[in-house]
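Comments concern the structure below.
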Amino acid sequence: MCEKSKIVSQWLKKVFGQQPVPEFEVNTRTVEILYELAESSEMRCREAEMLIEDHKQKTEEYSSDGAHLQEVLLQAVGLQAGGFSKPTVDLLSALEETAEVLKLRDTSLGSYMPAINKLTNDVLEAEKTDRRLQRELSAVRKKMTATVVLRKKLEDDLMKITHIQQVEAATAEERLLNMDFMKNKSRDLTCRNKIAQEKLDSRQMEDSFTHQATLQLSEKITALKEETLPLKKKLEPYSDLSPSPALARVKIEEAKRELAALDAQLEQKVDFMNTLSR
C-alpha cells in the first residue's frame, strides 16, 4: 500500500508538473485506481517512445535509400545532382509533391488526367453535399427557433399555472381556516344552547315563553286579525252611532281591568326573562 501510494504520488507530480496536485480522498480504492492508471500511462509512454525511435530509424533508412536511388538515377541518365537550375528543381519538386498528393504511380500525363478528373468529381460531390447540408442546417435552425419559442411559451404558461396554484392553495388554506373557525363556533354555540336548555329545563319554564311558542302565537294573532277584518268592514257603517253612556262606562272598566291584567302578566314575563339572562 505504501509503495503504491509513493508510485501514485510520483506519477501525479510528473503529470501535473508545476501545477499543484488536486486534493482527493486517499483510501485503498482510490490508490488502486490511480496505481492502475499510472501503470497504464507508463506503459503507453514506453510504447510511444519505442514507436518514435522506430520512426526515426526508418526515416534515416529512407533518407539513405533515397539519396542512393537519386545518385543511381542521375548516373543512369548521365546527369549530376548540381546540374539543374533552381526553377527546374522547383518544378520537379512541385511535380513530385502533386504526384504524392494524388497518390500516382508515376508522373506521366496518363496518370495525372484520371487523378485530376477524380479529384474534380470529388470536389463537385463535396459541393453538392455541402449544399444539401446547408439546406438541412437551415431547416434545423428553423426547427430550433420554433422550439425555443415554444419552450419560452411553455415556461410562461408554467409560471402562470404555478402562480394560479399558489393563489388557489392560499385561498383553500384560508377557507379551511374559516371552516375550522365555523366548526369551533358551531360547537361552542351548540354547547351554549345545550347549557341554556338545561337551565331552562331545570327552572321549569312554561312552553308559552319559548321562541317557538311566541311565533305560533304571532301566527294565531295574524290569523285572527285576518278573520276579524271582514267584521270590521261590516261595522264601519255603524261607527258614527253614539253608544249608550252606561254601556260605554261598563266596557271601559272591563277594558281597564284587562289592560291591568295584561300589564301585570307582561311585567312578570319580563322579570322572569331578565332573571334567566343573568
Worksheet item: Using a cut-off of 14 Å between alpha-carbon atoms, which aspartates and glutamates can reach K6, once sequence neighbours fewer than 8 places away in the same chain are excluded?
Response: E32, E36, E39
Practice prompt. Starting from the Cα of E258, step 7 Å along the direction of its Cβ; do the same at K183; then give the gap between the two resulting points in nm.
Written response: 5.6
Discussion item. Can you give me the accessible area per residue for region 83-181, using a 1.4 Å probe, in Å²?
Written reply: 89
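The values are calculated or read from the model by the stated rules, or taken from the named source; none is laboratory data. Computed from a predicted model, the values in this text were never measured in an experiment. No Cβ is skipped: glycine too gets one built from the backbone with ideal geometry, and neighbour counts run over all protein chains shown. Side chains are part of the model used for accessible areas, which takes the heavy atoms of the whole protein and leaves out ligands, DNA and RNA. Shrake-Rupley method; radii C 1.70, N 1.55, O 1.52, S 1.80 Å.
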